[in-house]
Amino acid sequence: MNYLNITLPKLEELYKKGYDLNIIYYLKMIDDGLDPIEISLKNDKLNHIWSSVIRKGLVSECTLTAEGKALLDFMKENGDKVITIKRKKPPEEPFLRWWSAFPGTDTFEYKGKTFTGTRALKAKKEDCKIKLNKILDEGEYTIDELIAALQLEISQKKESSYKTGANSLKYMHNSLTYLNQRDFEPFIELVKKGHKAKTEKEERSQNYEGVNL
């Protein structure tokens with residue numbers, strides 16, 4: 001078991017960055033394989049600390065994020081020399097790619113048919129960015145897989161709409177709910193099996209099937 005090396009210079013740096021020892025203790029518990037969620041829910045003060053750990057992006061699904069690991073490693077370092085805590089800012093490009101791929105509304109045109117919706121599907125952009133970065137930080141899925149899964153679901157819903165005449169995209173969750181409920185997971189499994197969304201060229205080609213020119 002790796003023990004924390006708490007010194008006054010480290011404490012000063014810790015508080016300067018907006019952390020405290022309560023947060024470090026939670027990170028240490030998770031690092032040791034303990035689950036603090038159940039006990040935290042029984043106590044308002046502990047629940048407040050746990051919420052802070054989540055909000056600061058140090059933990060995702062009871063697993064330390066890269067930033068959480070870096071902070072805990074900082075507290076484990078030996079010696080009195082203080083190394084500045086460097087917060088790792090996730091790159092913007094992966095999220096912007098995913099955000100661009102997510103439909104803005106449930107109104108769309110497909111194979112010459114227009115399907116009118118009633119809802120905005122993009123919601124709470126900054127919250128979505130935090131959630132998506134946490135999912136990527138877990139390391140289980142890549143941004144390419146997440147985008148491919150999203151595109152496959154949209155493609156299937158559009159194709160279903162075309163065949164049935166009813167707008168299937170209206171049943172899609174908004175962007176934040178989609179991430180929170182991990183709607184992408186079944187479609188990632190399909191992507192891994194070789195399924196993929198139809199390209200615009202393939203859609204146009206199917207649109208002309210059966211048309212006498």
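Any read-out appearing in this document is the output of simple, stated calculations on the displayed coordinates, not a laboratory observation. A quick note: this is a predicted structure, and the numbers were derived from the prediction, not measured. As a convention, Cβ positions derive from the backbone with ideal geometry for all residues, glycine included, and neighbour counts pool all protein chains shown.
With N residues in segment 8-76, what two-decimal value do you get for its Cα radius of gyration over 2.2 N^0.38 Å?
Working: Rg = 11.5 Å, N = 69, 2.2 N^0.38 = 11.0 Å.
Relative to the 2.2 N^0.38 Å estimate, segment 8-76 comes out at 1.04.
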>> Suppose a student asked you for the relative contact order of the chain, using Cα pairs under 8 Å spaced at least 6 residues apart; what percent would you report?
In response: 18 percent
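Add -39500 (n - 2.57) for each DSSP H run of 4 or more in the chain, then divide by its residues: what number comes out at 222 nm, to the nearest 500 deg cm²/dmol?
-16500 deg cm²/dmol
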> Pairing the Cα long axis of helix 44-55 with the longest principal axis of the chain, what angle in degrees results, from 0 to 90 and rounded to the nearest 10?
Replying inline: 60 degrees
> Counting Lys and Arg as +1 and Asp and Glu as -1, what is the net charge of the other residues whose Cβ lies under 15 Å from the Cβ of I30?
Replying inline: -4
>> Under 5 Å between amide hydrogens, which residues at least 5 positions from T105 or on another chain qualify, with H placed 1.01 Å from N in the peptide plane?
In response: L121
> Mind checking the angle between helix 143-164 and the chain's longest principal axis? C-alpha axes, 0 to 90 degrees, to the nearest 10.
Replying inline: 30 degrees
>> Let's test the formula: R0 of 22 Å, r as the Cβ-Cβ distance of I37 and K69. What FRET efficiency results, to the nearest 0.05?
In response: 0.70
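Taking Rh as the Kirkwood radius computed over C-alpha pairs, what is the Stokes-Einstein D of the chain at 20 °C in a medium of viscosity 1.002 mPa s, expressed in µm² per second?
On the way: Rh = 20.2 Å.
Using the Kirkwood radius from Cα pairs, D works out to 106 µm²/s.
Subtracting the Cα-Cα distance from 0.36 nm times the residue separation, let me have the gained length for E145 to R55 in nm, one decimal.
Length difference between fully extended and current span is 29.9 nm.
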>> Residue by residue through segment 12-24, what is 3J(HN,Hα) from phi via Karplus (6.51 cos²θ - 1.76 cosθ + 1.60, θ = phi - 60°)? Round to whole Hz and write x for glycine and proline.
In response: 4, 5, 4, 5, 4, 8, x, 10, 8, 5, 4, 5, 4
> Near K170, which lysines are there with a Cα under 22 Å away, not counting those fewer than 8 places off in the same chain?
Replying inline: K111, K113, K122, K124, K125, K157, K158, K196, K198
> Based on the mean of other beta carbon atoms within 10 Å per residue, what is the order of 18-30, 110-122, most packed first?
Replying inline: 18-30, 110-122
> Does anything in segment 124-156 have its amide N under 19 Å from the 7 Å Cα→Cβ label point of K111, and if so which residues?
Replying inline: 151-156
>> Using 0.36 nm times the number of residues separating N22 and D44, minus their current alpha carbon distance, what extension gain do you get?
In response: 6.5 nm
